[in-house]
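Student: Sharing a structure with you now.
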Amino acid sequence: MNRSDADGRSLPMSPVTEQWADVLTTHFALGEERPAVRAAAVYSAESGFFAVAGREGENGRPHFDPAGGTGAQPGSDAFDPSRLDALWTVGEENASPPLLRLGEVVWRRESLEQVTDAVTGTELDLVLLREGDRSMWVVRTRQGICIFALVDGANEGHVAEARSFALDFDSFLVGQGY
């Protein structure tokens, strides 16, 4: 598994990053024959999107990389982590929901909730993002690591499966000390 620089040249991944990408790919593959989750990623402020996987070997990175994969969003010089941070804030009821640009898509927050991790009992932040008929669940651990799970289509059963996937992988990370 390799990553690319702004010119599309392949860059080797660090052993730690490659290990996490392999873990995510394995976790991703343990589901049903054709999983509802199209792509998944793990993000931290220190490392960015350090593990990304796609369904059935698809390259999931374009779904999460800032526009064009260059590290920049249209109209800005770089990915703005404060936009991600805004997802976790409770705003006024009549205010427009926070937006987050990933890849070429602008996602709108539909819901924000706190859930309790079934394994550790710790509180987790859980956000549902929507764009057209696509959905994405994002779980944030207390250490600031975020797990993203993307679903294409409006099938609410698939959306629920993506939620479970994100929470299951979060439990795995918590079990690993994250």
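Student: List the number of the failed condition for PHE172; all other conditions in (1) open to solvent by 50 Å² or more (accessible area, probe 1.4 Å); (2) under 20 Å from VAL52 (Cβ atoms); (3) in contact with an Asp or Glu (Cβ under 9 Å, 6 or more places away or on another chain) hold.
Tutor: (3)
Student: Could you list, in sequence order, the residues of segment 109-127 that are in a strand (DSSP E or B) and loosely packed, with under 14 Cβ neighbours inside 10 Å?
Tutor: The answer is GLU110, SER111, GLU113, GLN114, THR116, GLU123.
Student: Hey, among VAL42, VAL52, VAL23, which residue is assigned to a helix (DSSP H, G or I), touching a Phe, Trp or Tyr at 6+ places or on another chain (Cβ under 9 Å) and at pLDDT 65 or above?
Tutor: VAL23
Student: Please state which one of ARG130, ARG140, ARG134 is under 23 Å from GLU58 (Cβ atoms), open to solvent by 40 Å² or more (accessible area, probe 1.4 Å) and out of contact with any His (no Cβ under 8 Å at 6 or more places or on another chain).
Tutor: Checking each option against the conditions leaves just ARG134.
Student: Now for a separate question. State yes or no: is LEU150 under 17 Å from TYR43 (Cα atoms) and either part of a strand (DSSP E or B) or modelled with pLDDT of 90 or more (or both)?
Tutor: The answer is yes for LEU150.
Student: Looking at segment 111-123, is at least one residue touching a Phe, Trp or Tyr at 6+ places or on another chain (Cβ under 8 Å) and of a type in the set (A, V, I, L, M)?
Tutor: Yes - at least one qualifying residue is present in segment 111-123.
The values are calculated or read from the model by the stated rules, or taken from the named source; none is laboratory data. If you're wondering where the values come from, they're calculated on a predicted model, not measured in any experiment. So basically every Cβ, Gly included, is an ideal-geometry build from the backbone, and we count neighbours across all protein chains shown. Keep in mind that these areas ignore ligands, DNA and RNA; they rest on the heavy atoms of the full protein, side chains included. Shrake-Rupley method; radii C 1.70, N 1.55, O 1.52, S 1.80 Å.
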